[in-house]
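All remarks here apply to the structure that follows.
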Amino acid sequence: MTQPEIRRGAEAIAAQVVGLFDRSFGASEGVDEGAAIAGLVSRLIDEGADVFTAWLDGRIAGAICFTPLTYDDPRGVALLSPVAVDPAVQGHGIGQALIRAALDRLAAEGVAIVVTYGDIAFYGKVGFAPVTTDVVPAPQALSQSEGWIAQSLAGAPITPLPAPARAVPAFDDPDLW
């Protein structure tokens, strides 16, 4: 499969991005979950999320959202969530290519740490490793602490960040965690 073209920004294509999340999560998790994640992504775009998209043959094939996770610490921390790949092209490395390209851009811009809450089997392929909330506090109580994973983009180990963590308003819902 051809390598995707990676683009940044979602304001002009918000409906396409939201639709992709609806299709992707709807196919894997059910219609209600697809609609819920699509709603979350719409809010994230409205709140200024940094969105990267992958394109194949002029069509959106994947998308990823980054939002700030703030601490009383000078290091820049980004929360990677959520990620979607069109069901028709899943399993072809689109998600990994998208994440790698986005992380490279964020690292070049001085982001020191990226955190996500997800499957280590997938995210481990792009450099994420489990981290405890003692090292990287979560903005809400986690229902599955083994899913809290992070990656240093600064070339140094992740040292503890001071609590509390503050996420964008869209992530203030404890049910998401």
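The values are calculated or read from the model by the stated rules, or taken from the named source; none is laboratory data. Because the structure is predicted, anything quoted here is derived from the model rather than measured. Positions of Cβ are backbone-derived with ideal geometry, glycine not excepted, and every protein chain shown enters the neighbour counts. Calculation scope for accessible area: heavy atoms of the full protein, side chains included, ligands and nucleic acids excluded. Shrake-Rupley method; radii C 1.70, N 1.55, O 1.52, S 1.80 Å.
Worth a mention:
- Residues of the range 22-31 classified as open to solvent by less than 40 Å² (accessible area, probe 1.4 Å) and among the acidic types (Asp, Glu), total: 0
- Of all the listed residues (ALA54, ALA38), the sole one being more than 17 Å from LEU176 (Cα to Cα), at pLDDT 95 or above and not β-branched (Val, Ile, Thr) is ALA54.
- When ARG59 is tested against (1) farther than 30 Å from GLY155 by Cα; (2) touching a Ser or Thr at 6+ places or on another chain (Cβ under 9 Å); (3) of a type in the set (Lys, Arg), exactly one condition is not met: (2).
- Against the conditions (1) buried (at least 19 other Cβ atoms within 10 Å of the Cβ); (2) charged (D, E, K, R); (3) more than 12 Å from the chain's Cα centre (by Cα), ASP50 satisfies every one except (3).
- ILE45 being closer than 24 Å to ALA101 by Cβ, in a helix (DSSP H, G or I), modelled with pLDDT of 95 or more and β-branched (Val, Ile, Thr): yes
- Residue among GLY19, GLY34, GLY39, GLY62 that is in a helix (DSSP H, G or I) and open to solvent by less than 10 Å² (accessible area, probe 1.4 Å): GLY34
- Single condition ILE6 does not satisfy, out of (1) over 23 Å from ASP175 (Cα atoms); (2) among the β-branched types (Val, Ile, Thr); (3) open to solvent by 10 Å² or more (accessible area, probe 1.4 Å); (4) part of a helix (DSSP H, G or I): (4)
- Qualifying residues in the range 57-93 (those that are among the polar types (S, T, N, Q) and closer than 22 Å to PHE122 by Cα) - the one modelled with the lowest pLDDT: GLN90
- Contact annotation: residue pairs with Cβ atoms under 9 Å, 6 or more positions apart or on different chains, pairing a residue in the range 38-58 that is closer than 12 Å to GLU11 by Cα with a partner that is among the hydroxyl-bearing types (Ser, Thr, Tyr), are LEU44/THR67; LEU44/SER81; GLU47/THR67; GLY48/THR67; ALA49/THR67; ASP50/THR67.
- Residue check, GLY155 within 15 Å of the chain's Cα centre (by Cα) and at positive phi: no
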